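*Asks:* Let me give you the structure first, and then I'll get to my questions.
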Amino acid sequence: MSSVVIRATPVVDDARLLDLLDDGERERADRRRDPNPFVTAHALLRRLVADETGADPRAIEFEKRCATCGTDKHGKPHVVGHRDLFVSVSYGERAAVAAVTRLGEVGVDVEDFASTDFDGFPSVTLDASEQGYFADLTGNDLLAARATTWARKEAILKATGHGLVVDPSEVLVSAPDVPAELLEWKAKEHPPGPTQVRDVSMPWPDHRAAVAVLTDRELDLDVHTA
Ligand SMILES: CC(C)(COP(=O)(O)OP(=O)(O)OC[C@H]1O[C@@H](n2cnc3c(N)ncnc32)[C@H](O)[C@@H]1OP(=O)(O)O)[C@@H](O)C(=O)NCCC(=O)NCCS
């Protein structure tokens, strides 16, 4: 397998996908006003893991572990019985992305421009040293730069398992117009070891995505879009 296999798909309304999910996932889907993003994403992840392991997608079991409180009720997902396989999934209203690798803990994130279109974005997301790059940008250029940066930071925080318990403004990444890189970890939480980050090209012009893996090995991305 390539070092990181990534699949992206538009969110679909297809009841047959429910057959791939387990009871817990179906219950979670039922509780959502719009279940389609959740169902699309979890079916995508199951199919990806199935293709990598040879398992029946319906038979795959996921377990969770919260890096902050230790519970198994929420947090980063892992595949039961495959400790050497690392997975991540991300979804929004219109797109879902899943990633699998054996290199190390992985985080994937997809963002649409609308989700970064709010006035407080710089203070919530950026360190003071990162804000200069964004100062002269407007319109779609600004939203694209924000989505790129946000996706990189969230991918890193999903790889570490912290999620937004760590303030993303304390995770410094390279400017959006240069290759993705974790530059500095200012958060009080224990910093990750070697961390690789890459932008992941999306077929939708108003989406940006990134993947991060806790490894010192170079990433070879194999990206498929439905
Ligand atoms: C992880 C997180 C950043 C994802 O946010 P998001 O943009 O809404 O969602 P995405 O679509 O990109 O990713 C969602 C998926 O991330 C995964 N995920 C959840 N928590 C995660 C974590 N701590 N680390 C890595 N992945 C996580 C799950 O697979 C989740 O999908 P699911 O909820 O459908 O099962 C956010 O949910 C978060 O910060 N969670 C941690 C909160 C926390 O730990 N609080 C302390 C509790 S003690």
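The values are calculated or read from the model by the stated rules, or taken from the named source; none is laboratory data. Treat the numbers as computed from the prediction; the structure is a model and nothing was measured. Cβ sites come from the backbone with ideal geometry, for glycine too, and all protein chains shown count toward neighbours. These accessible areas exclude ligands, DNA and RNA; they are computed on the full protein's heavy atoms, side chains included. Shrake-Rupley method; radii C 1.70, N 1.55, O 1.52, S 1.80 Å.
*Asks:* Any residue in region 13-20 that is within 14 Å of the ligand (Cβ to nearest atom) and open to solvent by 30 Å² or more (accessible area, probe 1.4 Å)?
*Replies:* Checked against the condition, which is being within 14 Å of the ligand (Cβ to nearest atom) and open to solvent by 30 Å² or more (accessible area, probe 1.4 Å), region 13-20 yields no hits at all.
*Asks:* Name the residues in region 210-226 that are aliphatic (A, V, I, L, M) and part of a loop (DSSP other than H, G, I, E, B), would you? Talk me through it step by step, then tell me what you get.
*Replies:* Keep residues of region 210-226 that are aliphatic (A, V, I, L, M), which gives 210-214, 219, 221, 223, 226.
Those that are aliphatic (A, V, I, L, M) and part of a loop (DSSP other than H, G, I, E, B): L214, L219, A226.
*Asks:* Still on this structure, I have one more. Out of the strands (runs of 3 or more DSSP E) lying entirely within region 23-103, which hold 1 or more residues that are open to solvent by 20 Å² or more (accessible area, probe 1.4 Å) and within 21 Å of S201 (Cα to Cα)?
*Replies:* Working: elements: 62-65, 76-79, 86-91, 95-101.
Hits in region 23-103: 86-91.
*Asks:* Separate question: Of the numbered conditions (1) crowded, with 16+ Cβ neighbours inside 10 Å; (2) part of a loop (DSSP other than H, G, I, E, B); (3) near the ligand (Cβ under 10 Å from one of its atoms), V110 fails exactly one; give the number of that condition.
*Replies:* (2)
*Asks:* Given (1) within 20 Å of V200 (Cα to Cα); (2) at pLDDT below 95, where does D119 come up short, assuming only one miss?
*Replies:* That leaves (1) as the condition not met.
*Asks:* Scan (1) open to solvent by 20 Å² or more (accessible area, probe 1.4 Å); (2) closer than 29 Å to K64 by Cβ; (3) of a type in the set (A, V, I, L, M); (4) touching an Asp or Glu at 6+ places or on another chain (Cβ under 7 Å) for the single condition L143 breaks and write down its number.
*Replies:* Among (1) open to solvent by 20 Å² or more (accessible area, probe 1.4 Å); (2) closer than 29 Å to K64 by Cβ; (3) of a type in the set (A, V, I, L, M); (4) touching an Asp or Glu at 6+ places or on another chain (Cβ under 7 Å), the lone unmet condition for L143 is (2).
*Asks:* Sticking with this structure for a sec: Does K153 satisfy the criteria of being within 17 Å of V200 (Cβ to Cβ) and within 13 Å of the ligand (Cβ to nearest atom)? Please lay out each step first, then the result.
*Replies:* Values: within 17 Å of V200 (Cβ to Cβ): yes; within 13 Å of the ligand (Cβ to nearest atom): yes.
In short, yes.
*Asks:* Okay, moving on. Across region 92-105, what is the number of residues that are more than 9 Å from the ligand (Cβ to nearest atom) and within 20 Å of E52 (Cβ to Cβ)? It would help to see each step written out before you state the result.
*Replies:* Here is the first cut: in region 92-105, the ones more than 9 Å from the ligand (Cβ to nearest atom) are 93-95, 98-104.
Retained after the next criterion (residues that are within 20 Å of E52 (Cβ to Cβ)): 98-104.
Number of matching residues: 7.
*Asks:* Within region 125-139, can one find any residue that is over 25 Å from C66 (Cβ atoms), within 16 Å of the ligand (Cβ to nearest atom) and open to solvent by 50 Å² or more (accessible area, probe 1.4 Å)?
*Replies:* So far as region 125-139 goes, no, none of its residues is over 25 Å from C66 (Cβ atoms), within 16 Å of the ligand (Cβ to nearest atom) and open to solvent by 50 Å² or more (accessible area, probe 1.4 Å).
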